[in-house]
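Q: Take this structure, written in structure tokens, and hold onto it; I'll ask about it next.
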Amino acid sequence: MTQADDSLKVADYCLKETNESIYITQNDEGDMVIKSIDTYEKREQLLRLRARVLQAEWERIDGAKTMSATEARKNLRERLGEL
């Protein structure tokens, strides 16, 4: 078995078994990150959610109409009932 084969086994384990990213450095500087598609998609989904929450918070600060948790639940139940 070659060193390349061993490296591929380590990469496969990191990416698929543990969902950890692999960090590649060059001259002791970060160069790139390799991650599984699943890990990447989950991170992108989290970033989109954070952006939406931040946008909602800015709208609230700017005076947008808000509602209580009870009102939000009621609206959701009504919308689900329409489906």
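Q: Could you grab the pairs with beta carbons closer than 7 Å, sequence gap of 6+ or different chains, first residue in segment 22-36 and at negative phi, second one at pLDDT 85 or above and acidic (Asp, Glu)?
A: Taking only residues 6 or more apart or on different chains, the pairs are Ile24/Asp31; Thr25/Asp31.
Q: Within segment 1-38, can you find the residues that are part of a loop (DSSP other than H, G, I, E, B), surrounded by fewer than 10 Cβ atoms within 10 Å (Cβ to Cβ) and modelled with pLDDT under 80? If you could, list the steps in order and put the result at the bottom.
A: Let us first name the residues in segment 1-38 that are part of a loop (DSSP other than H, G, I, E, B), namely 1-2, 18-21, 27-28, 35-36.
After this cut, where a residue has to be surrounded by fewer than 10 Cβ atoms within 10 Å (Cβ to Cβ) as well, the list is 1-2, 27-28.
Residues satisfying the conditions are Met1, Thr2.
Q: Another question, then. Just the residues that are in a loop (DSSP other than H, G, I, E, B) and either surrounded by 10 or more Cβ atoms within 10 Å (Cβ to Cβ) or on the phi > 0 side of the Ramachandran plot (or both), please, taken from segment 44-63. Step through it out loud before you land on a result.
A: Taking segment 44-63 and keeping what is in a loop (DSSP other than H, G, I, E, B), we get 62-63.
Passing the criteria: only Gly63.
The values are calculated or read from the model by the stated rules, or taken from the named source; none is laboratory data. The model shown is predicted, which means the values in this text are computed figures rather than measured ones. Here Cβ is always computed from backbone atoms with ideal geometry, including for glycine, and neighbour counts include all displayed protein chains.
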